[in-house]
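Engineer: Sharing a structure below in structure tokens format, with a few things to ask.
The values are calculated or read from the model by the stated rules, or taken from the named source; none is laboratory data. Computed from a predicted structure; not experimentally measured. No Cβ is skipped: glycine too gets one built from the backbone with ideal geometry, and neighbour counts run over all protein chains shown. The protein model used for the area step is the full one, side chains on, heavy atoms only, and it has no ligands, DNA or RNA in it. Shrake-Rupley method; radii C 1.70, N 1.55, O 1.52, S 1.80 Å.
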Amino acid sequence: MTTPQRIISGMRPTGQLHLGHYHGVLKNWVKLQHEYDCFFSVVDIHALTTHYDDPEIIETNTWNMVIDWLAAGINPNSAHIYLQSRIPEIAELHLILSMITPLGWLERIPTYKSQIDNIKEKDLHTYGFLGYPLLMSSDIMIFKSGLVPVGEDQVPHIEFAREVARRFNHLYGREPDYQQKAEAAASKLGKKNANLYRNLYKQFQEQGSQEALETARALVESVQHISVSDKDRLLGYLEGGGKIILPEPEPMLTSFPVMSGLDGRKMSKSYHNTIMLSGTPDDTDKKIKKMPTDPARVRRNDPGEPEKCPVWALHKVYSNEDTKEWVQHGCRSAGIGCLDCKKPLIDAIISEQQPIRQRANDLREDHDLVRNIINEGCEAARDIARETIEDVKEVIGLSY
């Protein structure tokens, strides 16, 4: 029997979830929990990076979100659900890693720049917001997780975590005289090449410059008069060779379908265009009936184009091939009206919501069960986190 590889993933506590969360993330989690050793985190400290001035919503949002996770099929016998704030070792590792992480590495992360430019209603010029990716790195590394399921937009965060782990291992996982041996080997390159090597090393370590890393590798490989062991030592020094204390996580590229909302844009609470995961049949019926359709269909007998209608985007998720063909033909020929088109969609969504809503209602009546699930998940998470922080403290000299 082999131990399944460990996976970690999480969500900010935003309250009750909508269908976008379900089809975009939760369905994948339900599948992964049967294939990997899964830890699913309520990243409530992360919520403070943007909502530090509105903390009273975090607790309510957390319980509502966990209930929806369980109702959607996350099984506490197959996966561990825990609260980030209940694992103090995450914050401790974050603090330790902040001592060795160059400021430039954080400032160059694409999401930091774009959010600073686009979110004007909040003051995000805080260390917490700048350090968000480092806290995410600590979330991953505290469990020595090998795989992290992410979409393409999150890959830079995983690459950042890999760089931090590599730098940590480079600083603390080497033989005692590793740096002296590497410096001695660099001196054998000749004065000009040795200075260039040291400058390139500094650029990579402080700025994460991949160009500097590649140039330094090429420089070492091009020198013919040094021994193979010195070459290996110089290449290892560049890339952080040594004992692996914090494994470098790998991104598990996952297709997170973008669920269209009631107005055709991405389903999001900020757009007020959501259908709630555990919504009532009446609420779902009213919302879909009010959805805008192809503007060309002013009258019942005007033909339309499904691709121009937000309703079609939901049909692509919920309807079988026969229904989709019926919609395509009926809309283009004006053989069906917009309410006719919406009817099978309403039925399909309500059918999907019904068992989830029932389980969610049952869980809301059993607070002790939900809290026990969280407590057990937190205990399992802390057992691993304690081991990791002990390893980290030992190598940085804080285990006395």
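Engineer: Please state the relative contact order of the chain as a whole percent: Cα pairs under 8 Å, 6+ residues apart?
Structural biologist: Answer for the chain is 22 percent.
Engineer: What FRET efficiency would be calculated for the residue pair residue 207, residue 227, taking the C-beta separation as r and a Förster radius of 41 Å, to the nearest 0.05?
Structural biologist: E(calc), rounded to 0.05, equals 0.85.
Engineer: Can you compute the label reach from residue 367? Point 7 Å from Cα along the Cβ direction, backbone N cut-off under 13 Å, restricted to region 53-80.
Structural biologist: Counting backbone N atoms under 13 Å from the label point, the list is 60, 63-64.
Engineer: Say R0 is 30 Å: what FRET efficiency, to the nearest 0.05, do residue 120 and residue 313 get from their beta-carbon distance?
Structural biologist: 0.55
Engineer: Filter the trypsin sites (Lys or Arg not before Pro) in region 117-146 to those in DSSP coil with at most 16 other Cβ atoms within 10 Å of their Cβ, and list the result.
Structural biologist: 120, 122
Engineer: Quick one: compute the contact order of region 34-127, relative version, from alpha carbon pairs under 8 angstrom and 6+ residues apart, as a percent.
Structural biologist: After rounding, I find 38 percent.
Engineer: Between residue 343 and residue 302, what FRET efficiency comes out of the Förster formula 1/(1 + (r/R0)^6) with R0 = 22 Å and r the beta carbon distance, rounded to 0.05?
Structural biologist: With a Förster radius of 22 Å, E is 0.70.
Engineer: Just from its helices, what would the mean residue ellipticity at 222 nm be for the chain, if runs of 4 or more DSSP H residues each count -39500 (n - 2.57) and the sum is divided by every residue, rounded to the nearest 500 deg cm²/dmol?
Structural biologist: Taking each H run of at least 4 residues, the total per residue is -17500 deg cm²/dmol.
Engineer: Go through 215-226, 277-288 and give me the packing order, highest mean Cβ count within 10 Å leading.
Structural biologist: Descending mean neighbour count gives 277-288, 215-226.
Engineer: Calculate the dipole size of the chain relative to its Cα centre from +1 charges on Lys and Arg beta carbons and -1 charges on Asp and Glu beta carbons; express the result in debye to the nearest 20.
Structural biologist: 1020
Engineer: Can I ask one more? What distance in nm lies between label points placed 7 Å from Cα along the C-beta direction at residue 78 and residue 253?
Structural biologist: That separation, rounded to one decimal, is 2.6 nm.
Engineer: Could you order 362, 153 by accessible surface area, starting with the largest, using a probe radius of 1.4 Å?
Structural biologist: These residues rank, largest area first, as 153, 362.
Engineer: Whole angstrom only: what separates the Cα centroid of region 8-64 from the Cα centroid of region 177-225?
Structural biologist: Here the two parts' Cα centres lie 43 Å apart.
Engineer: Just subtract the alpha-carbon distance of residue 323 and residue 393 from 0.36 nm times their residue separation and send over the number in nm, one decimal.
Structural biologist: My answer for the length gained is 19.2 nm.
Engineer: Cross-link list 27/287; 287/316; 181/202; 113/290: which exceed 26 angstrom alpha carbon to alpha carbon?
Structural biologist: 113/290
Engineer: What do you reckon, how do 21, 125 stack up by accessible area (1.4 Å probe), largest on top?
Structural biologist: 125, 21
Engineer: Right, something else. Restricting to Cα atoms and excluding each atom paired with itself, what does the Kirkwood estimate give for the chain in Å?
Structural biologist: Taking every pair of different Cα atoms in the chain, averaging 1/r and inverting gives 24.3 Å.
Engineer: Take each complete run of DSSP H in the chain, measure how far its Cα atoms stretch along the helix's own axis, and keep only those covering 20 Å or more with mean Kyte-Doolittle hydropathy at least 0.5; list them.
Structural biologist: Those that pass (Cα extent of 20 Å or more, hydropathy at least 0.5) are 57-72.
Engineer: To the nearest 10 square angstrom, how much accessible area does residue 350 have with a 1.4 angstrom probe?
Structural biologist: 40
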